[in-house]
1. Could you please find all residues in the stretch A:69-95 being among the small types (Gly, Ala, Ser) and within 23 Å of the chain's Cα centre (by Cα)?
2. Exactly one of (1) farther than 30 Å from A:THR30 by Cα; (2) buried (at least 17 other Cβ atoms within 10 Å of the Cβ); (3) away from chain B (no Cβ under 14 Å); (4) without any contact (Cβ under 8 Å) to a residue 40 or more places away in the chain is unmet by A:GLY375. Its number?
3. Given (1) open to solvent by 60 Å² or more (accessible area, probe 1.4 Å); (2) more than 10 Å from chain A (Cβ to nearest Cβ), where does B:THR63 come up short, assuming only one miss?
4. Got a number for residues in the stretch B:19-37 being assigned to a strand (DSSP E or B), away from chain A (no Cβ under 13 Å) and either touching a residue at least 24 places away in the same chain (Cβ under 8 Å) or surrounded by 12 or more Cβ atoms within 10 Å (Cβ to Cβ) (or both)?
5. Condition first: more than 17 Å from the chain's Cα centre (by Cα), modelled with pLDDT of 95 or more and farther than 27 Å from A:ARG139 by Cα. Can you find one or more residues in the stretch A:280-300 that meet it?
6. Taking the stretch A:135-148 as the search range and keeping residues that are open to solvent by less than 80 Å² (accessible area, probe 1.4 Å) and out of contact with any helix residue (DSSP H, G or I) (no Cβ under 7 Å at 6 or more places or on another chain), which one is nearest to A:TRP40 (Cα to Cα)?
7. Going by the structure shown, is A:GLU98 of a type in the set (D, E, K, R), under 19 Å from the mean Cα position of the chain (by Cα) and either more than 12 Å from chain B (Cβ to nearest Cβ) or closer than 30 Å to A:LYS214 by Cβ (or both)?
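The values are calculated or read from the model by the stated rules, or taken from the named source; none is laboratory data. Treat the numbers as computed from the prediction; the structure is a model and nothing was measured. Because the Cβ atoms are built from the backbone with ideal geometry, glycine has one as well, and the counts that use them run over all protein chains shown. All accessible areas refer to the heavy atoms of the entire protein, side chains included, with ligands and DNA or RNA removed. Shrake-Rupley method; radii C 1.70, N 1.55, O 1.52, S 1.80 Å.
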Amino acid sequence: MKKALAITLGVVTSIGGFFDMGSIVLTGQTGARFGFSLVWVVALATITIVLYAEMAGRIATLSKRPVFDVVRERLGPGFGLANLGASFLINVITLVAEIAGVAIAFQLVTGVTYYLWVPLALILAFFVLWKVKFERMERAVGILGLTMLVFAVAMWRLHPDWSSVLHQTLLPSKPSSETLASYLYVGVALFGSAITPYELFFYSSGAVEEGWNKSDLLSNRISSYAGFIFGAVLSVTAIGVAALIFQPRHIGVHDLSTIALGPTFVLGKLGLAAFLIGLFMTTFGATLEVTLSNGYIVSQYFGWPWGKMLRPKQAARFNLVMIVSLLIGAFIVLTSLDPVAVTDIAMVFAAVGLPLTYFPILVVANDREYMGESGNGKVLNVVASVFLVVICIIALAAIPLMIWTKLGT
Amino acid sequence: MTRDIFDLDLDILDRQMLDSAGVPCGNVDDLELEFVDGPNKPPVVTKILTTPGALGPRIGGLTGRIITGIWRWFHPERDPQPVAIDWKDVVIVDFAVHLSVHREEAGLSRGEDWVRDHIIGKIPGA
């Protein structure tokens with residue numbers, strides 16, 4: 001039973017986290033503008049998140065300490081606080097994108113403008129965080145989020161020339177209509193959308209809360225590998241559908257209704273319905289995860305009681321942080337910023353913030369005091385270090401690229 | 001992690017504290033060392049300092065002053081001091097610093113209690 005729970009956590013983290021508003025928007029835009037030429041970025045991001053989620057889960061299992069606890073200890077209170085501030089802000093911008101995604105899902109169903117659905121999204125999120133048993137929510141998100149496989153079905157039904165798809169994926173070449181800077185900029189945003197930092201905060205805190213022990217190490221590995229690889233399949237097929245439908249017709253992706261056209265074009269109403277359910281579940285799941293993450297990181301930095309399994313009364317400040325985050329997020333959605341533009345920017349900032357969280361994880365995963373014999377092996381360390389360097393390069397390049405390309409236009 | 005030698009910076013500072021009931025009650029924000037056996041002998045850790053009143057000075061600079069300032073603003077006392085816990089109240093140090101005192105007794109539950117009583121506790125279903 002507990003094993004099943006552990007694996008659910010991984011799959012939910014990836015459905016709500018890996019494939020969320022950020023990925024839905026970015027994969028659509030990427031496919032429409034760059035075809036299959038940026039699929040390698042998804043592969044890169046998947047390996048990175050799999051390696052680091054497994055480490056974070058292992059640390060949480062053996063040391064009973066979630067990621068942000070480790071961050072403060074290793075970075076010290078000053079850099080820890082800087083990371084807290086940055087992560088909190090990135091989470092809030094991400095939350096804006098996710099809440100907008102939930103509201104837009106309602107808009108696409110009813111035709112009523114999404115602004116009016118923001119309060120409903122807010123109340124729904126609050127209610128679930130406040131009252132609903134978490135396992136129940138995890139299962140609902142996990143199972144209904146599977147409808148996003150509609151992209152895989154749609155891609156298969158489009159009968160693409162697979163050898164050409166493979167060729168474009170493995171030997172990527174930037175389309176001549178796009179500049180190299182835009183190519184790299186969208187690549188950075190796509191990378192950020194796949195490995196937004198909140199996924200690790202959520203995953204490791206969940207592992208601590210569910211009281212994983214040594215016997216859960218295997219399920220940790222399975223769930224982090226299987227969960228995120230599943231997320232990657234969704235991302236790649238979503239890029240595929242956009243590449244096959246939008247790119248040849250020169251259709252730009254500026255809103256979610258365009259993205260919804262992909263599955264609808266191939267599978268009709270059924271495709272649209274599956275996409276809308278998936279859109280709602282993934283963005284709603286991510287809304288919960290990001291909100292919880294903000295509660296987790298602030299509480300863990302200051303040493304307050306935290307946890308979704310405690311009653312709100314037993315973790316008052318944790319719950320206060322979550323409520324405040326939700327309110328700020330919903331307020332920003334209502335200021336009528338373009339939700340797709342906000343999502344793009346959130347994902348770039350997500351990429352900027354990664355090294356400050358990933359570095360302490362790699363250090364502690366090597367600490368034999370905690371990890372005993374389950375510390376990182378040599379091969380894993382070499383690979384993880386290489387990816388850490390990649391993350392740092394991406395983080396450093398993100399802002400200059402953003403300015404250089406004027407937000408990728 | 002049972003052992004005899006601790007690295008104060010890595011193993012004690014910034015670590016989660018749990019009270020006698022096992023409830024999180026802050027982090028080790030700073031330590032107080034005293035020359036108990038005279039100036040020629042090594043100093044001894046006598047107290048754990050915690051709450052933002054101890055965190056602010058440790059971070060230092062403008063950020064530190066802002067943290068201390070916010071903490072003083074919210075504190076009911078006019079000239080508040082950071083909470084100090086005697087080192088003899090530390091039971092064991094593993095993934096957390098376990099204390100033998102209750103959080104209320106140690107003065108560590110003020111913030112949590114205030115938010116619970118004035119905000120969260122008032123929302124139905126809490």
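1. Residues satisfying the conditions are A:GLY80, A:ALA82, A:GLY85, A:ALA86, A:SER87.
2. Against the list (1) farther than 30 Å from A:THR30 by Cα; (2) buried (at least 17 other Cβ atoms within 10 Å of the Cβ); (3) away from chain B (no Cβ under 14 Å); (4) without any contact (Cβ under 8 Å) to a residue 40 or more places away in the chain, A:GLY375 comes up short only on (3).
3. (2)
4. From the stretch B:19-37, those assigned to a strand (DSSP E or B) are B:24-27, B:30-34; that's our starting set.
In the following step, the residues that additionally are away from chain A (no Cβ under 13 Å) were identified as B:32-34.
Still in the list and also either touching a residue at least 24 places away in the same chain (Cβ under 8 Å) or surrounded by 12 or more Cβ atoms within 10 Å (Cβ to Cβ) (or both): B:32-33.
So the count comes out to 2.
5. no
6. A:LEU146
7. Working: of a type in the set (D, E, K, R): yes; under 19 Å from the mean Cα position of the chain (by Cα): yes; either more than 12 Å from chain B (Cβ to nearest Cβ) or closer than 30 Å to A:LYS214 by Cβ (or both): yes.
Answer is yes for this residue.
Residue by residue, here is whether (1) of a type in the set (D, E, K, R); (2) more than 30 Å from B:ALA54 (Cβ to Cβ) holds:
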{"position": "A:ILE90", "(1), (2)": "no, no"}
{"position": "A:TYR114", "(1), (2)": "no, yes"}
{"position": "A:LYS133", "(1), (2)": "yes, yes"}
{"position": "A:ILE143", "(1), (2)": "no, yes"}
